[in-house]
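Structure record follows, encoded as structure tokens.
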2 protein chains.
Amino acid sequence: MEQQQLFVRVALHAWEVNVRRATTIFDKFTDEQLLTEIAPGKNTPFYLLGHLIAVHDRMLPLLGLGEAQYPQLVEAFINNPDKAIQEVPTVKELRDWWTNIHEALAGHFKQLTPAEWLQKHTAMTDEDYEKDPTRNRLAVLINRTNHLSYHIGQLVLA
Amino acid sequence: MEQQQLFVRVALHAWEVNVRRATTIFDKFTDEQLLTEIAPGKNTPFYLLGHLIAVHDRMLPLLGLGEAQYPQLVEAFINNPDKAIQEVPTVKELRDWWTNIHEALAGHFKQLTPAEWLQKHTAMTDEDYEKDPTRNRLAVLINRTNHLSYHIGQLVLA
């Protein structure tokens, strides 16, 4: 196997493992448990579910793979903390969207070649990319995997 | 820059960012805060500090870079849960060892070539590696970065 392909496979594997781990955790929570704070005054798993869908959804435009599917989540789950916004989707909707966004991403990811993974993401200018070519699609994938692990660490405390 | 070098730089950058993030958090904790459970019945930051040193220390032999420097941590911080083992190092010792192990790893990491990052780690046989060449040094680095993020997510709840 080509070296570049190996690098991509390693990074994708880490992403997939963590998505599966989070899916298992969210699946185990009852709807009521989803709405119970992880620790007093901390986020609910419901908020983290919405937050992770919103962040992963934004990977589509960021990686140049398409438009965000759930832009309505940004206000409640990225721009604001837990319980600040009254109008939020139902638990059922979030559970469905979690599945959808990861299927959509997986479909795109398997199409990208190693060279495409090293292309700049859309949030940076050509000039910035010239200066620092490590700010590419692969960096986004690795950073989002770490972000996901970070919140999995919190979910397991619930 | 060569593609392989780019891949390695992206993965190393993620590791370094997370080590710095954890260092900042541990530095901010007073010795007393280190010994206070993150949430009732959960780990102390002291345990997570020892756990992360022990896990990162084992990267040296796992990556074929040298012997573990703090094997005495394994029993208290990997094989057993928090507060199960009475004999543990002092807070001062752990703080020093945290610095030492990350300096040691950084020194080794900057020597490795992209091809060396794709070599198998020492915990697997040649036969296993033949079957799955993604189980290499880079996979260890990416996995340990995710593991670190996971515990950083818990530390920030303290």
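The values are calculated or read from the model by the stated rules, or taken from the named source; none is laboratory data. Just so it is clear, the structure is predicted and the values come from calculations on it, not from any experiment. No Cβ is skipped: glycine too gets one built from the backbone with ideal geometry, and neighbour counts run over all protein chains shown. Heavy atoms of the whole protein, side chains included, go into the accessibility calculation; ligands, DNA and RNA do not. Shrake-Rupley method; radii C 1.70, N 1.55, O 1.52, S 1.80 Å.
In the condition set (1) in contact (Cβ under 8 Å) with a residue 40 or more places away in the chain; (2) buried (at least 20 other Cβ atoms within 10 Å of the Cβ), B:Tyr150 is compliant with all but (1). Scanning segment B:45-57 for residues that are open to solvent by 10 Å² or more (accessible area, probe 1.4 Å) and β-branched (Val, Ile, Thr) turns up just one, B:Val55. Pull up segment B:131-147, narrow it to residues that are without any contact (Cβ under 8 Å) to a residue 60 or more places away in the chain and open to solvent by less than 50 Å² (accessible area, probe 1.4 Å), then point me to the one that is nearest to the chain's Cα centre (by Cα). Only one residue fits best here, namely B:Asn146. Kindly establish whether B:Ala68 is free of Cβ contacts under 8 Å to residues at least 40 places away in the same chain and either surrounded by 14 or more Cβ atoms within 10 Å (Cβ to Cβ) or among the basic types (Lys, Arg) (or both). Yes; evaluated as a whole, the condition is true for this residue.
The numbered conditions (1) among the polar types (S, T, N, Q); (2) at pLDDT below 95; (3) closer than 25 Å to A:Gln111 by Cβ are all true for A:Gln86 except (3). Test A:Val10 against the criterion of being in a helix (DSSP H, G or I) and under 13 Å from the mean Cα position of the chain (by Cα), and give yes or no. No; evaluated as a whole, the condition is false for this residue.
Of the residues in segment B:13-28, at least one is more than 18 Å from the chain's Cα centre (by Cα), free of Cβ contacts under 8 Å to residues at least 24 places away in the same chain and open to solvent by 30 Å² or more (accessible area, probe 1.4 Å). Of the conditions (1) at pLDDT below 95; (2) surrounded by 18 or more Cβ atoms within 10 Å (Cβ to Cβ); (3) of a type outside the set (D, E, K, R), A:Gln5 clears all except one; give me its number. It fails just one condition, (2). Each residue in segment B:71-82 was checked for being in contact with a helix residue (DSSP H, G or I) (Cβ under 7 Å, 6 or more places away or on another chain), farther than 12 Å from B:Leu48 by Cα and open to solvent by 40 Å² or more (accessible area, probe 1.4 Å), and 0 of them qualify.
Evaluated against (1) buried (at least 18 other Cβ atoms within 10 Å of the Cβ); (2) within 14 Å of chain A (Cβ to nearest Cβ), B:Leu60 falls short on exactly one condition, (2).
Going through segment A:111-130 one residue at a time, which ones are more than 12 Å from chain B (Cβ to nearest Cβ) and open to solvent by 30 Å² or more (accessible area, probe 1.4 Å)? Passing the criteria: A:Gln111, A:Thr122, A:Ala123, A:Thr125, A:Asp126, A:Glu127, A:Asp128. Anything in segment B:83-109 that is more than 20 Å from B:Thr145 (Cα to Cα) and open to solvent by 30 Å² or more (accessible area, probe 1.4 Å)? List them, or say none. Once the filter is applied, which keeps residues that are more than 20 Å from B:Thr145 (Cα to Cα) and open to solvent by 30 Å² or more (accessible area, probe 1.4 Å), segment B:83-109 yields B:Lys83, B:Ala84, B:Ile85, B:Gln86, B:Glu87, B:Val88, B:Thr90, B:Lys92, B:Glu93, B:Asp96.
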